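A short reminder: the numbers here are calculations on the coordinates, not readings from a lab. Just so it is clear, the model here is predicted, and its values are computed rather than measured. Neighbour counts are summed over all protein chains in view; Cβ atoms, including those assigned to glycine, are modelled from backbone coordinates with ideal geometry.
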């Protein structure tokens with residue numbers, strides 16, 4: 001097993017969908033208010049990628065995902081009629097977020113990268129709508145995650161290939 005951090009860069013807007021009086025927000029961690037993407041969302045994407053690549057079907061389902069993502073959303077106006085819009089929390093095209101995962105034994109960093117890359121290009125991840133219109137992304141890098149001795153903070157190292 002190997003703990004990794006993937007950095008993904010959005011190519012389309014990724015929108016929050018939790019209804020609020022003024023703005024549709026992302027699901028948040030109740031203790032610290034950080035953005036969460038549920039592990040079930042990532043598993044569905046990885047299963048799709050495994051089917052596309054026709055490999056790693058079982059291992060793709062065994063990846064353990066940290067629900068907390070590393071990134072700060074901005075406010076976005078989604079127009080659905082001229083001058084009529086809904087406010088969303090959003091990650092914009094070009095925004096980079098970090099996603100942590102534990103890879104099962106047998107799934108290499110390169111394999112994980114390939115699976116995540118297919119998921120991002122064809123499906124994307126966006127709580128608002130799980131379709132290619134929102135949340136598509138490119139994988140910037142995947143690195144081994146190394147924890148410091150006395151802290152929950154982590155450093156990231158480039159894996160040995």
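Projecting label points 7 angstrom from Cα along Cα→Cβ for residue 43 and residue 144 puts them 2.8 nm apart.
With kT/(6 pi eta Rh) evaluated at 10 °C and eta = 1.306 mPa s, and Rh the Kirkwood radius from Cα pairs, the range 79-127 diffuses with a coefficient of 113 µm²/s according to Stokes-Einstein. Quote the Stokes-Einstein diffusion coefficient, in whole µm² s⁻¹, for the range 1-118, based on the Kirkwood radius over alpha carbon pairs, a temperature of 25 °C and a viscosity of 0.890 mPa s. In µm²/s, the coefficient rounds to 158. To the nearest 10 degrees, how steep is helix 109-122 against the longest Cα principal axis of the chain, on a 0 to 90 scale? In the chain, helix 109-122 runs at an angle near 20 degrees to the longest axis.
What Kirkwood hydrodynamic radius, in Å, does the range 29-95 give when the mean of 1/r is taken over all pairs of distinct Cα atoms and then inverted?
Details: mean 1/r = 0.0685 Å⁻¹.
Averaging 1/r across every pair of different Cα atoms and inverting gives 14.6 Å.
Full extension from residue 53 to residue 29: what is 0.36 nm times the residue separation minus their Cα-Cα distance, to one decimal in nm? It would help to have the intermediate numbers written out before the result.
Numbers: separation 24, 0.36 × 24 = 8.64 nm, distance 3.31 nm.
Value of the extension gain: 5.3 nm.
Bridge orientation summary for the chain: considering DSSP beta bridges with both residues in this region, about 95 percent are antiparallel. In the chain, helical runs assigned H by DSSP with n ≥ 4 each contribute -39500 (n - 2.57); averaged across all residues and rounded to the nearest 500, the mean residue ellipticity at 222 nm is -6500 deg cm²/dmol.
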